[in-house]
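A short worksheet on the structure shown next.
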Amino acid sequence: MAVDELDTRILRLLIEQPRTSVREYARILGIARGTLQARIDRMERDGVITGTGPALSPGALGHPVLAFVHIEVTQGHLDDVGDALAQVPEIIEAFSITGGGDLLTRVVARDNGHLEDVIQQLIQLPGVVRTRSEVALRERVPHRLLPLVASLARAPGGSS
């Protein structure tokens, strides 16, 4: 779905001021509340806006260790392994990938020993051939979307 200049302004405001009311967003943008709500509803329906909940810190929740675990899967078992990964609470994301492995997961743990326990649990899953892990030392660029949203207005064909 293409977003226009007004959508970009709305998205930027939602990112920059997530706790503001729809009424206040409409006032800031200088548009009717109904127009704003219709735009937000459309972007939610189209999958542009995928959530509105709080961003949580695994570290503050007692899981400061972050690792990227590549998982190689027996051919034909990708869906089964993916379903099993969804049952492991320390896995906060998992993606099918190309390249060296079949799945890439983000795993959080209380400490290195706990990480090893989680990896051992993964190795025991039916269909898992092997894993390869990389521990993150420091976050250099936090998860962000504002620069991407800002670039949409500057992209060829953009409204700004």
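General observations
- What the phi angles of segment 49-58 give under the Karplus curve with 6.51, -1.76 and 1.60, with θ = phi - 60°, is a coupling list of 9, 10, x, 9, x, x, 7, 10, 9, x Hz, glycine and proline written as x.
- Estimated purely from DSSP H runs of n ≥ 4, each contributing -39500 (n - 2.57), the mean residue ellipticity at 222 nm for the chain is -11500 deg cm²/dmol once divided by its residues.
- Net lengthening on full extension, T98/H114 (0.36 nm per residue, minus Cα-Cα): 3.0 nm
- For the set V141, V48, V65, V118, solvent exposure ranked by accessible area (probe 1.4 Å, protein chains only) runs largest to smallest as V141, V48, V65, V118.
- Only one item in [x] 1.08; [y] 1.17; [z] 1.02 matches Rg/Rh (Cα atoms, Kirkwood Rh) derived from the coordinates shown, and that item is [x].
- The residues of the chain expose on average 66 square angstrom of accessible surface per residue, using a 1.4 Å probe on protein heavy atoms.
- Additional length obtainable on full extension of the chain from Q75 to R138, 0.36 nm per residue less Cα span: 19.3 nm
- Distance-filtered residues of segment 17-48 - backbone nitrogen under 15 Å, label point 7 angstrom along A153 Cα→Cβ: 17, 28-31
- The chain - percent of accessible surface contributed by carbon and sulfur, probe 1.4 Å: 52 percent
- Distant-in-sequence amide H partners of R110 (H built 1.01 Å from N, under 5 Å): L115
- Annotation note: trypsin sites (Lys or Arg not before Pro) in segment 51-152 located in DSSP loop regions with a Cβ neighbour count of at most 12 within 10 Å are R138, R140, R144.
- Rounded to the nearest 20, the size of the Cβ-charge dipole of the chain about its Cα centre is 900 debye, with Lys and Arg at +1 and Asp and Glu at -1.
The values are calculated or read from the model by the stated rules, or taken from the named source; none is laboratory data. Since the model is a prediction, treat every value here as computed from it, not as a measurement. All Cβ positions, glycine included, derive from the backbone under ideal geometry; neighbour counts span all protein chains shown. These area figures cover heavy atoms from the full protein model, side chains too; ligands, DNA and RNA do not enter into them. Shrake-Rupley method; radii C 1.70, N 1.55, O 1.52, S 1.80 Å.
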